[in-house]
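K.L.:
What follows is a single structure, and I will ask about it in a moment.
The values are calculated or read from the model by the stated rules, or taken from the named source; none is laboratory data. Please read these numbers as outputs of a predicted model, since none were measured by experiment. Ideal geometry is used to build each Cβ from the backbone, glycine not excepted, and the neighbour counts take in all protein chains shown.
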Amino acid sequence: MGLMSSPGPTADVSVRIAWGDDAAAIANVQLRAWRVQYADLLPADLLPTDPTQIAAAWRTSMTNPVDARNRVLVALERNRVVGFAVTTPAPDPDCDPVVDGELAELTVDPDETRKGHGSRLLQAAAETMQADKFTRAVTWTISTDDARRAFIISAGWEADSAHRELDLDGSGTTLVKQVRLHTALT
């Protein structure tokens, strides 16, 4: 008689559309992630530290979106928000906001990376944009963030020729270069 193997423990993880009540948790994840993501780009004193204002902005954007296709998704471990993604019509001048969606944010709490949350969010974001009738998706990454770009490319996205510079502090002295990636959603 053979031994029956018992299944190992499984994590209780999921992705869903964010609710207004998720605003504070999303703000906290965003602040923690920004401290890591922008550590080499911005002085720490320029990064926001008060999650209250950021949570209020999230709550407003989720409860009164400018466009019905503006979506916020959250990655959960049990009932705890560990990451989020934002999808929206692509605003770039060379994009058609009827058919081109943008993955405007993909953020995972720095303490929760490499656990599959980013992959689940990226897949759910693509499915959400597809459900919103977009046929192509674009996203912007910091040109020096090789790990993030490699992660997104490994999911089937590829670079296109678009690039831009963002002025992070409004002074013209803290510029960050970004490259655009795209994928077909059909």
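K.L.:
Would the range 131-150 turn up any residue that is in contact with a strand residue (DSSP E or B) (Cβ under 8 Å, 6 or more places away or on another chain) and farther than 23 Å from T183 by Cα?
P.N.:
Initial filter on the range 131-150 (in contact with a strand residue (DSSP E or B) (Cβ under 8 Å, 6 or more places away or on another chain)): 132, 134-144, 148-149.
Imposing the further condition that a residue be farther than 23 Å from T183 by Cα reduces the set to none.
No, that holds for no residue.
K.L.:
Now for a different question. Residues in the range 100-130 that are among the acidic types (D, E) and out of contact with any strand residue (DSSP E or B) (no Cβ under 9 Å at 6 or more places or on another chain): how many?
P.N.:
Of all residues in the range 100-130, those among the acidic types (D, E) come to 100, 102, 105, 109, 111-112, 127.
Checking which are out of contact with any strand residue (DSSP E or B) (no Cβ under 9 Å at 6 or more places or on another chain) leaves us with 127.
Residues meeting the conditions: 1.
K.L.:
Looking at the range 20-39, which of its residues are of a type in the set (A, V, I, L, M, F, W, C), touching a residue at least 24 places away in the same chain (Cβ under 8 Å) and out of contact with any helix residue (DSSP H, G or I) (no Cβ under 7 Å at 6 or more places or on another chain)? Walk me through it before giving the result.
P.N.:
Of the range 20-39, the ones of a type in the set (A, V, I, L, M, F, W, C) are 23-27, 29, 31, 33-34, 36, 39.
Pick out the ones that are also touching a residue at least 24 places away in the same chain (Cβ under 8 Å) and you get 23-27, 29, 33, 36.
Within the range 20-39, A25, V29 meet the criteria.
K.L.:
Additional query: So, in the range 146-183, exactly how many residues are outside any loop (DSSP other than H, G, I, E, B), out of contact with any Gly (no Cβ under 6 Å at 6 or more places or on another chain) and of a type in the set (S, T, Y)? Break it down into steps so the answer makes sense when it comes.
P.N.:
Of the range 146-183, the ones outside any loop (DSSP other than H, G, I, E, B) are 146-154, 158-167, 175-183.
Subset that is out of contact with any Gly (no Cβ under 6 Å at 6 or more places or on another chain): 146-154, 158-167, 175-182.
Now restrict to residues that are of a type in the set (S, T, Y): 154, 161.
The qualifying residues number 2.
K.L.:
Looking at the range 60-90 only, could you name the residues that are modelled with pLDDT of 95 or more and in contact with a helix residue (DSSP H, G or I) (Cβ under 6 Å, 6 or more places away or on another chain)?
P.N.:
R71, V72, L73, V74, A75, V81, V82, G83, F84, A85, T87
K.L.:
For the range 65-90, enumerate the residues that are more than 19 Å from Q130 (Cβ to Cβ) and free of Cβ contacts under 8 Å to residues at least 24 places away in the same chain.
P.N.:
Within the range 65-90, V66, N79 meet the criteria.
K.L.:
Residue by residue through the range 91-104, note down the ones that are buried (at least 20 other Cβ atoms within 10 Å of the Cβ) and touching a residue at least 60 places away in the same chain (Cβ under 8 Å).
P.N.:
Hit for the range 91-104 is G101, nothing else.
K.L.:
Tell me whether the range 42-52 contains one or more residues that are farther than 24 Å from T144 by Cα and in a helix (DSSP H, G or I). Full working, then the answer.
P.N.:
Of all residues in the range 42-52, those farther than 24 Å from T144 by Cα come to 49-52.
Imposing the further condition that a residue be in a helix (DSSP H, G or I) reduces the set to 51-52.
The answer is yes; a qualifying residue exists.
K.L.:
Hey, can you tell me all the residues within the range 63-80 that are among the hydrophobic types (A, V, I, L, M, F, W, C) and surrounded by fewer than 21 Cβ atoms within 10 Å (Cβ to Cβ)?
P.N.:
First pass over the range 63-80, keeping only residues among the hydrophobic types (A, V, I, L, M, F, W, C): 66, 68, 72-76.
Selection gives V66, A68, L76.
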